[in-house]
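My questions all concern the structure below.
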Amino acid sequence: MALVIHEDTAAPLEAASIQRRQPVLAILTIEDDLQLFRGNRGNFSDIIAMGTEFGFLVYVITAKQLKLRRKLLDGFTYNPDTDSWEQQKFPSPDLIYNRIPLREDELQPEVRRKLAACHRHPRIQIFNPSFFNKWSLFKWLRQSRTTSPYIPATRRLLTVSGLGKMMLKHKYLYLKPVSGKAGKGIMTIQLQPEKALPYLLKIQGDRGSTTYNCGSIGKLWSRIVKESSGERYIAQQGIQLAAFNERSFDLRTLVQKNRRGQWDISGIGARVAGSYSITTHVPRGGSIEDPEKLLVSVFGQDEARKLLVKARNAALIIARQIERGSGRRLAEMSMDLGVDILGNVWFFEANSKPMKFDEPDIRRRSLERIFHYSQYLLKQKGL
Ligand SMILES: Nc1ncnc2c1ncn2[C@@H]1O[C@H](COP(=O)(O)OP(=O)(O)O)[C@@H](O)[C@H]1O
Ligand SMILES: [Mg+2]
């Protein structure tokens, strides 16, 4: 947009004050005794590089280094020439991108206090307020008529009678830690009433899964209690996922706010389960695939296309409802969606700190969108 300057006013001064200062974004993480700070360094250096393309100054800051009253802060930047991270002074950020990598770290009292102060801060905008927990997600999504059809029946796993009630309705269940990730601690139960030992319990381990056959629900329950080692769990209706070469798969969707501040799909990838695995995580033998190819192989071309549209729409509706439920402004999330053998779409979980997507086009868009949304936030603030 052209700036109209009248000859008779103090034009140069005005022009200078109108000129915008370089926007500053800090990637927030947590300090580490051995390696300065925690988090995925490759991800952080990619974000810094993309920010530079967008004209931003981007640096990494730890919760300890973040002093909201100071104008100059210590932080880290990546030097590609020496392939090392260097500490420098940086101006206080306009935006904070929360990438604290672990739930436990985010729950430390000093970190919580800092995050709360960022939320209250009149100038600084923070996005990715905190991790989600699986139980809250299901509570929020059940509340709305638009999202409830995508939600498998879910309850907290508290008592053996609760589990028994659930097994009356569903012969196949997933048990998942409320604060779990990467498949850790996940178990499945299959009820096979015709068998002498009717309860088949599978426990996801680091190398494949272990199976137990239990004769009674009481025996099943004691095994579950032993295996869940004090973690809080949910029990969830198991979905018969569509499969490719007898391996089930699910859709990993990345949803981010775009340059207009609206939820948008950045990409959909697919993960195929490893053999003998009850989850599709790549570190557990899962593999990355093209979602269209998988869906076409199961449902044919036309239906596959419709299913992808359905999955995209579901992801957008779900993201909006999660944001409403959380009561916080969110900027991005990844979502695990399942497609069952009948072509229904199901929601398994959303993660507010999405991991790097390996698909190059999704990866690039995910980095660009961080800055598109940042630009939107700055514009909203009139900066
Ligand atoms: N109710 C379910 N029915 C069928 N498969 C499920 C169910 N819940 C989870 N899964 C499978 O297990 C994977 C991991 O579950 P998820 O809820 O994403 O836990 P995590 O946080 O450990 O990733 C999913 O991506 C999906 O493949
Ligand atoms: Mg998951």
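The values are calculated or read from the model by the stated rules, or taken from the named source; none is laboratory data. The structure displayed is predicted, hence computed values, not measured ones. Neighbour counts are summed over all protein chains in view; Cβ atoms, including those assigned to glycine, are modelled from backbone coordinates with ideal geometry. Side chains are part of the model used for accessible areas, which takes the heavy atoms of the whole protein and leaves out ligands, DNA and RNA. Shrake-Rupley method; radii C 1.70, N 1.55, O 1.52, S 1.80 Å.
With +1 assigned to the C-beta of every Lys and Arg and -1 to the C-beta of every Asp and Glu, and no other charges, what is the dipole magnitude of the chain about the Cα centre in debye, to the nearest 20?
1700
For the range 326-368, just say rounded, prolate or oblate: build the C-alpha gyration tensor, square-root its eigenvalues into a ≥ b ≥ c, call rounded for a/c under 1.5, and beyond that prolate if a/b exceeds b/c, oblate if not.
oblate
If I model a spin label as a point 7 Å beyond the Cα along the Cα-Cβ vector, how far apart are those points for Lys71 and Ser275 in nm?
With each label placed 7 Å out from Cα toward Cβ, I get 6.6 nm.
For a protection proxy built on the mean count of beta-carbon atoms within 10 angstrom, sort 72-78, 340-346, 57-63 highest first, please.
Listed from highest to lowest mean packing, they are 57-63, 72-78, 340-346.
Please give the calculated 222 nm ellipticity per residue for the chain, where each DSSP H segment of at least 4 residues contributes -39500 (n - 2.57) and the sum is spread over every residue; nearest 500 deg cm²/dmol?
About -10000 deg cm²/dmol.
Given 0.36 nm per residue, what is the gain on full extension from Lys169 to Leu383 after removing their alpha carbon distance, in nm?
71.5 nm
Then there's this: Pairs Lys184/Lys310; Lys306/Lys353; Lys64/Lys134; Lys165/Lys353; Lys257/Lys306; Lys114/Lys176: which exceed 27 Å Cα-Cα?
Pairs exceeding the cut-off: Lys184/Lys310; Lys306/Lys353; Lys64/Lys134; Lys165/Lys353; Lys114/Lys176.
For the chain, what is the relative contact order in percent, using Cα pairs closer than 8 Å and at least 6 residues apart in sequence?
14
Is the shape of the range 20-129 best called rounded, prolate or oblate, per the rule: a/c under 1.5 gives rounded, else a/b larger than b/c gives prolate, else oblate, with a ≥ b ≥ c the square roots of the Cα gyration tensor eigenvalues?
oblate
Then there's this: If you find the alpha carbon centre of the range 270-309 and of the range 174-249, how far apart are they in angstrom?
So the two Cα centres are separated by 21 Å.
Moving on to the next point. Specify the angular offset, from 0 to 90 degrees and rounded to the nearest 10, of the alpha carbon long axis of helix 109-120 from the longest principal axis of the alpha carbons in the chain.
Taking Cα atoms only, the helix is inclined about 60 degrees.
Also, I was wondering about something else. Using a 1.4 angstrom probe on heavy atoms only, work out the carbon and sulfur share of the accessible area of the range 154-237 in %.
Roughly 52 percent, rounded to a whole number.
If you line up the long axis of helix 301-326 against the longest principal axis of the chain, both from Cα atoms, how many degrees apart are they, to the nearest 10?
70
Which order do peptides 159-167, 128-136 fall in by mean Cβ count within 10 Å, highest first?
Highest mean packing first, the order is 128-136, 159-167.
Counting only GluC sites (Glu not before Pro) that sit in a DSSP loop (anything but H, G, I, E, B) with at most 16 other Cβ atoms within 10 Å, what is the longest stretch of the chain containing none of them?
With a cap of 16 other Cβ atoms within 10 Å, the longest stretch comes to 8-193.
Let me ask something else about it. Just the number please: accessible area per residue for the chain, 1.4 Å probe, all protein chains included, in Å².
Per residue, the chain has an accessible area of 52 Å².
Identify, among Leu316, Gly327, Ala304, the residue whose Cα sits farthest towards the positive end of the charge dipole of the range 297-338, taking +1 on the Cβ of Lys and Arg and -1 on the Cβ of Asp and Glu, with the dipole about the Cα centre.
Working it through, the farthest residue towards the positive pole turns out to be Gly327.
A follow-up question, please. Would you tell me the accessible area of Asp302, worked out with a 1.4 angstrom probe on the heavy atoms of the protein chains, in Å² to the nearest 10?
110
Just to verify a number: FRET efficiency for Ser84 and Asp358, C-beta to C-beta distance, R0 = 22 Å, to 0.05?
Computed FRET efficiency for Ser84 and Asp358 comes out at 0.30.
Further question: Would you please classify the overall shape of the chain from the alpha carbon gyration tensor, given that a ≥ b ≥ c denote the square roots of the eigenvalues, rounded means a/c under 1.5, and beyond that prolate means a/b larger than b/c while oblate covers the rest?
Because a/c hits 1.5 or more and a/b exceeds b/c, the chain counts as prolate.
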